[in-house]
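Below: one structure, written as structure tokens.
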Amino acid sequence: MKVTVVRPGDLGESEARLWAEFQKRSPIAASPLLSLTFAQAVDRVRRNARVAVVEEQGKIKAFFPYELTPNNVARAIGWRVSGLQGLITSGAPLDARLLVKMAGLRGWRFDHADATEPALAHYHYRGAKMQVPVIDLGSGWDSYINTRTNQFRRENRRRRRHLESDVGTISLEWHVSRLDYLPLLIKWKSEQYDSARYLYSDPAARLIIEELITTTNEDCHGGLSVLFAGDQPIAVHFGMMGPRFLCSIETAYDPNFARAAPGLTLWLALAEQAAGHGIAWIDLGYGMPSRNGRPSYKLDLANYSYAVIGGAVWVSRAEAAVRAFYRRLLYDRQGHQRDQ
């Protein structure tokens, strides 16, 4: 095995075609957040963006995109904008520890990697698996909406009627490549969540988002979808789109309309439009916050999910053993505390 580490921007058209072909291996690998376009957008802003190119007998069999940290450990490329990590492979067997070693790294920490990736099977953290909710539109909008409960559909129609009666006709501007409504999204989201303030206070993350909103590449292009009541914007969604795949990054709504649940109205209008544009899969993201013990809205929307896992690959077996021992102690202590 030969491993060559380059900047994402150093890869040419032939590598781009191969990368896109490898992404077709699975729905998870097809995420625009694992595309070469996304990696190259990060590279233009952050000088620590890297891709390890894996070759066997002169043929490329995998790409490993990552960001290099000061302690020589790989982390998610596009960190803060994206937490999804993975290997873009041909499907050939791959030794993850040897790859990390030959890339000159001390290790690789992953938070949200495909739980079914064979190369990472021995490097999972105990208790670090989670399900990512998905709106599966593969059979079309009508098929999807008919999987939702009668109560859910009635409640959505009721809220939509009230919004239209009080404010104006509901409409959606679909996935526009403009920055007009980004400040509004940032304002609304930052008022709700500290994590959003951290994201948008990072100048590099903001530049990555702005570039991707204005790009038109097929494997990854960002866009803003805006829900209007009459002429008034009441909710905004930011997502990354690839071939038949929409990955949600942020959704926010005007807090003055919170009781009317404009976010849910936005999501259903977005899903209907997405189905009409040939999108088969909307990834809702791995964060599923709840309030007052109530289930996340993502669980109401999702009709499918896939598993991601956290873990680490360490070159030094001694370091791997020490870290594994520490995690076992921590996990057991937390488990004991939960039982009290």
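The values are calculated or read from the model by the stated rules, or taken from the named source; none is laboratory data. Small disclaimer: the values here were computed from a predicted structure and weren't measured. All Cβ positions, glycine included, derive from the backbone under ideal geometry; neighbour counts span all protein chains shown.
Listing for the model above:
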| quantity | calculated |
| --- | --- |
| Check on Tyr253, of a type outside the set (Val, Ile, Thr), over 25 Å from Phe152 (Cα atoms), in contact with a helix residue (DSSP H, G or I) (Cβ under 6 Å, 6 or more places away or on another chain) and buried (at least 19 other Cβ atoms within 10 Å of the Cβ) | no |
| Matching residues in the range 89-139 - criterion: being assigned to a loop (DSSP other than H, G, I, E, B), among the small types (Gly, Ala, Ser) and surrounded by 13 or more Cβ atoms within 10 Å (Cβ to Cβ) | Ser90, Ala103, Gly104, Ala115, Ala128, Gly138, Ser139 |
| Flag if Ser165 is among the hydroxyl-bearing types (Ser, Thr, Tyr) and part of a strand (DSSP E or B) | no |
| Members of the range 210-226 found to be under 14 Å from Asp180 (Cβ atoms), of a type outside the set (Gly, Ala, Ser) and touching a residue at least 40 places away in the same chain (Cβ under 8 Å), listed by number | Leu224, Val226 |
| Restricting the range 70-84 to residues that are under 22 Å from Ser248 (Cβ atoms) and assigned to a strand (DSSP E or B), the residue that is farthest from the chain's Cα centre (by Cα) | Arg75 |
| Extreme residue, nearest to Arg80 (Cα to Cα), among residues of the range 198-218 that are of a type in the set (A, V, I, L, M, F, W, C) and modelled with pLDDT of 90 or more | Ala205 |
| Single condition Gln273 does not satisfy, out of (1) within 30 Å of Glu21 (Cα to Cα); (2) crowded, with 21+ Cβ neighbours inside 10 Å | (2) |
| Single residue of Thr69, Thr149 found to be in the same structural domain as Ala235 (by TED's automatic domain parsing) and surrounded by fewer than 17 Cβ atoms within 10 Å (Cβ to Cβ) | Thr149 |
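Yes/no per residue for (1) within 20 Å of the chain's Cα centre (by Cα); (2) over 25 Å from Glu191 (Cβ atoms):
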site: Ile213; (1), (2): yes, no
site: Thr216; (1), (2): yes, yes
site: Met240; (1), (2): yes, no
site: Asp254; (1), (2): no, no
site: Thr265; (1), (2): no, no
